[in-house]
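Please read the structure below before turning to the comments.
The values are calculated or read from the model by the stated rules, or taken from the named source; none is laboratory data. On a predicted model such as this, the values are computed, not experimentally measured, just so you know. Glycine gets a Cβ as well: all are built from the backbone with ideal geometry, and neighbour counts include every protein chain shown.
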Amino acid sequence: MDCYRCGKRIAEDSLYCKFCGAQQGKTVTDEFAVEAGDLLKRIQDLLHEGNVTRIIVKDEAGKLLLEIPATAAVVGAILVPWMAAIGVIAALATRCRIVVEKRA
């Protein structure tokens, strides 16, 4: 089978892609539009839900600004630089779109 994220060929029974590390299987994607001032609060709320596998922040035009893997949510110390980056994005952008991948 092919990895849904990077498209490379992986074994049929793989749970994770050996190239990009993406979890294989069923995921549900939700997308939210938020004001830049609410961006940090909304991402913190999503991370506390616990079943999030990846959070992607895009600008109004759909350009990728930040991608937070699920492993960053597990370890609190790793999350600090992500939150600093989110603060910078909030200062530069007026509106953002948050794409959330969750386990189905």
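Would you mention how many residues in segment 27-48 are under 21 Å from R5 (Cβ atoms) and touching a residue at least 40 places away in the same chain (Cβ under 8 Å)?
Counting residues in segment 27-48 that are under 21 Å from R5 (Cβ atoms) and touching a residue at least 40 places away in the same chain (Cβ under 8 Å) gives 8.
Would it be correct to say that G62 is surrounded by fewer than 11 Cβ atoms within 10 Å (Cβ to Cβ), at pLDDT 80 or above and in contact with a strand residue (DSSP E or B) (Cβ under 9 Å, 6 or more places away or on another chain)? It would help to see each step written out before you state the result.
Details: surrounded by fewer than 11 Cβ atoms within 10 Å (Cβ to Cβ): yes; at pLDDT 80 or above: yes; in contact with a strand residue (DSSP E or B) (Cβ under 9 Å, 6 or more places away or on another chain): yes.
When the stated conditions are applied, G62 passes them.
Specify the residue that is nearest to the chain's Cα centre (by Cα); the eligible residues are those in segment 32-57 that are within 12 Å of K102 (Cβ to Cβ) and not in a loop (DSSP other than H, G, I, E, B).
If we take residues in segment 32-57 being within 12 Å of K102 (Cβ to Cβ) and not in a loop (DSSP other than H, G, I, E, B), then I55 is nearest to the chain's Cα centre (by Cα).
Looking only at residues in segment 4-23 that are small (G, A, S) and either closer than 19 Å to R103 by Cβ or touching a residue at least 24 places away in the same chain (Cβ under 8 Å) (or both), which one is surrounded by the most Cβ atoms within 10 Å (Cβ to Cβ)?
A22
Test K26 against the criterion of being under 20 Å from R103 (Cα atoms) and either among the aromatic types (F, W, Y) or modelled with pLDDT of 85 or more (or both), and give yes or no. Steps first, answer last, please.
Values: under 20 Å from R103 (Cα atoms): yes; either among the aromatic types (F, W, Y) or modelled with pLDDT of 85 or more (or both): no.
The answer is no for K26.
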